[in-house]
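Undergrad: Before anything else, here's the structure in question.
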Amino acid sequence: MSGSPDRPVLRPADLSALERTYLGVLDTGMVSARLAGDPTLSVDYVVAVCLALREGKSPGSYLAGEAETAGAFRLQLAEAARALDEKGVIALAPPPPDLLLAPGGPPPVAAQEVDFEQRPKIWDRYLAHACLEELFADGRVYPFLMGKYQDSGELWARLYTERPERFL
């Protein structure tokens, strides 16, 4: 759940549309574009298309090519990711070892660069799932996102079949 003594419980309405879209896409658990060899599975690409569809825009509105997001969009998405990290919803970077020894210490500093191929740890699974449900409930987004989700599922199955030792 999304509460701790230091942080209030968050609901999807407490987040921006970009934050909700990003968190919902993260919750799909899609295979990374790097692992899949498919740049259209990159988190920033999927978020860009989903957000454009949610806003009633062309799917390519936030793209700078067939499979690359526009620089301005990537900057906005990185800011949204850092905001979610600061709110304690996700962890962009693993906690430093000394934080594990002193849990009352200061929170880790967010990474300056956000790598959209490295999936952050989702701390607030309830909120993430609510954001994913919001995406799937949008008839403009559902066909695109479900298609990517299905492609990812097939890739996960193939990777597991080819190299099961990676998953043990």
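The values are calculated or read from the model by the stated rules, or taken from the named source; none is laboratory data. Model, not experiment: these values are computed from the prediction. As a convention, Cβ positions derive from the backbone with ideal geometry for all residues, glycine included, and neighbour counts pool all protein chains shown.
Undergrad: Hey, can you tell me all the residues within segment 2-59 that are on the phi > 0 side of the Ramachandran plot and modelled with pLDDT under 95?
TA: G29, G37, listed by residue number.
Undergrad: Between a residue in segment 117-132 that is in contact (Cβ under 8 Å) with a residue 24 or more places away in the chain and any residue that is β-branched (V, I, T) and assigned to a loop (DSSP other than H, G, I, E, B), which pairs come within a Cβ distance under 7 Å, given they are 6 or more apart or on different chains?
TA: Sorted first by the residue in segment 117-132, then by its partner, the pairs are W123/V89; D124/V89; L127/V89; L132/T28.
Undergrad: Then there's this: How many residues does segment 55-82 hold that are under 20 Å from E134 (Cα atoms) and surrounded by fewer than 18 Cβ atoms within 10 Å (Cβ to Cβ)?
TA: Adding up the residues that qualify gives 5.
Undergrad: Restricting to segment 112-168, and then to whatever is outside any helix (DSSP H, G or I) and out of contact with any Leu (no Cβ under 9 Å at 6 or more places or on another chain), can you tell me which residue is surrounded by the fewest Cβ atoms within 10 Å (Cβ to Cβ)?
TA: The selected residue is L168.
Undergrad: I'd like to verify a number: residues in segment 49-89 that are in contact with a strand residue (DSSP E or B) (Cβ under 9 Å, 6 or more places away or on another chain) and within 14 Å of R20 (Cβ to Cβ), how many?
TA: Residues that pass the stated criteria total 5.
Undergrad: Next question, about the same structure. Return the only residue of P97, P143 being modelled with pLDDT of 85 or more and over 14 Å from the mean Cα position of the chain (by Cα).
TA: Result of the check over P97, P143: P143.
Undergrad: (1) assigned to a helix (DSSP H, G or I); (2) under 20 Å from R140 (Cα atoms): which one isn't true of L75, the others all being true?
TA: (2)
Undergrad: Out of segment 26-41, which residues are of a type in the set (A, V, I, L, M), within 19 Å of W123 (Cα to Cα) and assigned to a helix (DSSP H, G or I)?
TA: L26 - this is the single residue of segment 26-41 that is of a type in the set (A, V, I, L, M), within 19 Å of W123 (Cα to Cα) and assigned to a helix (DSSP H, G or I).
Undergrad: Something else now. Regarding segment 43-51, can at least one residue be identified that is part of a helix (DSSP H, G or I) and surrounded by fewer than 18 Cβ atoms within 10 Å (Cβ to Cβ)?
TA: no
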